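Report on the following structure.
Computed from the coordinates by the stated procedures, all read-outs in this text should not be read as laboratory data. Quantities reported herein were computed from a predicted structural model and do not represent experimental measurements. Neighbour counts run over all protein chains shown; Cβ positions are idealised from the backbone, glycine included.
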Amino acid sequence: MAINFDLSGKVALVTGANTGIGQAIAVALAQAGADVALAGRSEPADTLAGIAAAGRRGLDIRADLSTIAPVAGIVDDTVAALGRIDILVNNAGIIRRADLPVFSEEDWDAVVDTNLKTLFFLSQAAARPMAAQGAGKIVNIASLLSFQGGIRVPSYAAAKSGVAGVTKAMANELAPQGVQVNAIAPGYIATNNTAALQADETRDRQIRERIPTGRWGRPEDIAGAAVFLASPASDYVTGQILVVDGGWLAR
Ligand code: NDP
């Protein structure tokens, strides 16, 4: 049997795809053959251009994912415009930094709601049509902070640990219905999210020296893993957290 990474005829939905990791994933899924819906707050012009350049259809769905209010509509809009939904990539995320003694309820709720609560309820909504068709792939974006505590980011560590947990919980329940649920834990990836770290000469050098591969990750490094987890090549993989970190955790 040939190993199959082909996504022709599939429809993907990617959250937070106007920039960074989500953008690279959306374009890579299109290059692998999928039509791609993008759900997020901002204009995803470059991402839509990348999808079109791959010869695939793109769909711009404007939604604020800090609450679960839009989740059912996002799935309905995707199916209405593109015909089906086969792949969901839960990528949208935020981080808030503050010292522990003054960490606010607002920063707790914003991060946990956006990174974890919406991820679950959007997955729940997408899993219905996936289960009905007997096949689907859900890929969640976790973090090294699914495994480590970090500094000054307690709500992010809690949310991303939760992403690892809920990935396994959903994988268990959806496996009999032909839906695989996995996560990717990126290491240090050069995006807007990490711009301040990259701009700080000392921190930038420390990070590169700490990574066995010796460089920051690129969004495309995560996109390769996402295409694998979205494709038939990973049909026997479920409930896993695939770490893509240049060797950071191995050290
Ligand atoms: P970016 O800041 O470039 O991308 C984050 C995306 O999430 C943006 O598209 C943003 O859209 C979207 N988003 C945030 N809040 C909302 C919201 N309320 N509603 C809709 N969309 C929203 O960062 P990255 O590409 O680095 O991050 C992507 C994912 O990867 C995140 O889950 C992050 O936690 C994770 N990650 C990143 C790492 C890194 O080193 N970069 C390491 C580990 C994990 P908008 O611009 O409209 O706000």
Looking at segment 8-17, is at least one residue surrounded by fewer than 24 Cβ atoms within 10 Å (Cβ to Cβ), free of Cβ contacts under 8 Å to residues at least 24 places away in the same chain and away from the ligand (no atom under 14 Å from the Cβ)?
no
Which of the residues belonging to segment 59-81 are farther than 12 Å from ALA17 by Cβ, without any contact (Cβ under 8 Å) to a residue 60 or more places away in the chain and crowded, with 21+ Cβ neighbours inside 10 Å?
VAL71
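Across segment 56-93, what is the number of residues that are among the aliphatic types (A, V, I, L, M) and more than 18 Å from GLU43 (Cβ to Cβ)?
So the count comes out to 12.
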Give just the number: which of (1) away from the ligand (no atom under 16 Å from the Cβ); (2) surrounded by fewer than 22 Cβ atoms within 10 Å (Cβ to Cβ) does ARG56 not satisfy?
(2)
Can you confirm whether ARG84 is of a type outside the set (A, V, I, L, M), away from the ligand (no atom under 12 Å from the Cβ), more than 28 Å from LYS160 (Cα to Cα) and in contact (Cβ under 8 Å) with a residue 40 or more places away in the chain?
yes
Flagged in segment 77-96 as within 16 Å of the chain's Cα centre (by Cα) and among the small types (Gly, Ala, Ser), in numbering order, are ALA92, GLY93
Please list, ordered by first then second residue, the pairs with beta carbon atoms under 7 Å, 6 or more apart or interchain, first in segment 107-125 and among the acidic types (Asp, Glu), second assigned to a helix (DSSP H, G or I).
ASP107/SER155
Given the conditions (1) in contact (Cβ under 8 Å) with a residue 60 or more places away in the chain; (2) over 30 Å from ASP99 (Cβ atoms); (3) touching a Phe, Trp or Tyr at 6+ places or on another chain (Cβ under 9 Å); (4) not basic (Lys, Arg), and given that VAL139 satisfies all but one, which numbered condition is not satisfied?
(3)
Scanning for something surrounded by fewer than 23 Cβ atoms within 10 Å (Cβ to Cβ) and of a type in the set (Lys, Arg), does segment 131-148 turn up at least one residue?
no
If you go through segment 37-58, how many residues are assigned to a helix (DSSP H, G or I), touching a strand residue (DSSP E or B) at 6+ places or on another chain (Cβ under 9 Å) and more than 18 Å from GLY20 (Cβ to Cβ)?
1
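Which residue, of VAL111, VAL139, is of a type in the set (Val, Ile, Thr) and assigned to a helix (DSSP H, G or I)? I'd like the intermediate steps shown before the answer.
Working: VAL139 fails: assigned to a helix (DSSP H, G or I).
Just one listed residue meets the conditions, VAL111.
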Within segment 24-47, which residues are surrounded by fewer than 22 Cβ atoms within 10 Å (Cβ to Cβ) and within 14 Å of the ligand (Cβ to nearest atom)?
ARG41, SER42, GLU43, ALA45, ASP46
A careful count of residues in segment 177-200 that are surrounded by fewer than 20 Cβ atoms within 10 Å (Cβ to Cβ) and either in contact with a strand residue (DSSP E or B) (Cβ under 6 Å, 6 or more places away or on another chain) or under 20 Å from ALA230 (Cβ atoms) (or both) gives 2
Taking the conditions exactly as written (within 13 Å of the ligand (Cβ to nearest atom) and of a type outside the set (Phe, Trp, Tyr)), does ASN193 satisfy them or not?
yes
From the list ILE68, ILE25, ILE61, ILE74, pick out the single residue that is assigned to a strand (DSSP E or B) and within 17 Å of the chain's Cα centre (by Cα).
ILE61
